1. Checking the condition more than 24 Å from Phe87 (Cβ to Cβ) and surrounded by fewer than 20 Cβ atoms within 10 Å (Cβ to Cβ), which residue from Leu121, Leu140, Leu136 passes?
2. How many residues does the stretch 82-115 contain that are among the small types (Gly, Ala, Ser), assigned to a helix (DSSP H, G or I) and either touching a strand residue (DSSP E or B) at 6+ places or on another chain (Cβ under 9 Å) or without any contact (Cβ under 8 Å) to a residue 60 or more places away in the chain (or both)?
3. Go through (1) over 22 Å from Ser106 (Cβ atoms); (2) surrounded by fewer than 17 Cβ atoms within 10 Å (Cβ to Cβ); (3) under 19 Å from the mean Cα position of the chain (by Cα) one by one and return the number of the condition Phe148 breaks.
4. Of the residues Gly143, Gly118, Gly156, only one is over 19 Å from Val199 (Cα atoms), outside any helix (DSSP H, G or I) and not β-branched (Val, Ile, Thr); which?
5. Does Val211 fit the bill of being within 25 Å of Leu63 (Cα to Cα), aliphatic (A, V, I, L, M) and surrounded by fewer than 23 Cβ atoms within 10 Å (Cβ to Cβ)?
Amino acid sequence: MVDDRQRLVGVVLPSAIEEAVNKRKTKTFLRLSGIIGGEEFRTMPLLSRSGRRLSWLSMNIVLNIIAASVIALYQDTLAAVITLAVFLPLVSDMSGCSGNQAVAVSMRELSLGLVRPGELLWVLAKETRVGMINGLVLGLLLGGVAFFWKGNPWLGLVVGGALAANTLVSVALGGMLPLILKRFKLDPALVSSPLLTTVTDMCGFFFVLSVASAVLPRLVDM
């Protein structure tokens, strides 16, 4: 390590670098897991441990209420075709997993300096192509399951199309979200996951129920 005049002022050992990297990885993992404020040990005071976890969970309640409100808008469709209730969590969960993969890649590239917050369009182009391929494959798989289960091709089209569209949205958003948050000086590790989960749920519910409403007579005859 040298100063501004290129004079040697100290030595940084490889072990110190490795320790610093491991600490950063641990802190990031805890934030992604919803534990705010650093490391948590079970020997800490009860209220302190509870507060660390509630900081994220309380915010998540509000976000989930927003996502659930989409279902209330289409409750008549859901009541008419109760089978859709089986596929709603599948569509949102599978899309969420795809989006979290994109978040993880962006987080890693940001930490390594391989991508900058201003490179949104580049990231969007890369993730959109992945989202289209994965969405198509996953949509065909889930749509096939729905078709063979109920023998109704329209159900397979609704479910498979919704999963394909939602996967594309979640992957594109998951790739860009850490960069957007970083630009606004927010912590991507803390905010990305709840925001992505909420948007994925809202879009997944909307895609399934809105398309189902459009072809409702063909679904009711199942």
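Every number in this text was worked out from the coordinates using simple rules, so none of it is lab data. Since the structure is predicted, the reported quantities are computational estimates derived from the model, not experimental observations. All Cβ positions, glycine included, derive from the backbone under ideal geometry; neighbour counts span all protein chains shown.
1. Of Leu121, Leu140, Leu136, the one residue that is more than 24 Å from Phe87 (Cβ to Cβ) and surrounded by fewer than 20 Cβ atoms within 10 Å (Cβ to Cβ) is Leu121.
2. The number of residues fulfilling the criteria is 2.
3. In the conditions (1) over 22 Å from Ser106 (Cβ atoms); (2) surrounded by fewer than 17 Cβ atoms within 10 Å (Cβ to Cβ); (3) under 19 Å from the mean Cα position of the chain (by Cα), Phe148 misses (3) alone.
4. Numbers: Gly143 fails: outside any helix (DSSP H, G or I); Gly156 fails: outside any helix (DSSP H, G or I).
Step by step, each of Gly143, Gly118, Gly156 is checked, and only Gly118 is over 19 Å from Val199 (Cα atoms), outside any helix (DSSP H, G or I) and not β-branched (Val, Ile, Thr).
5. Against the criterion (within 25 Å of Leu63 (Cα to Cα), aliphatic (A, V, I, L, M) and surrounded by fewer than 23 Cβ atoms within 10 Å (Cβ to Cβ)), Val211 qualifies.
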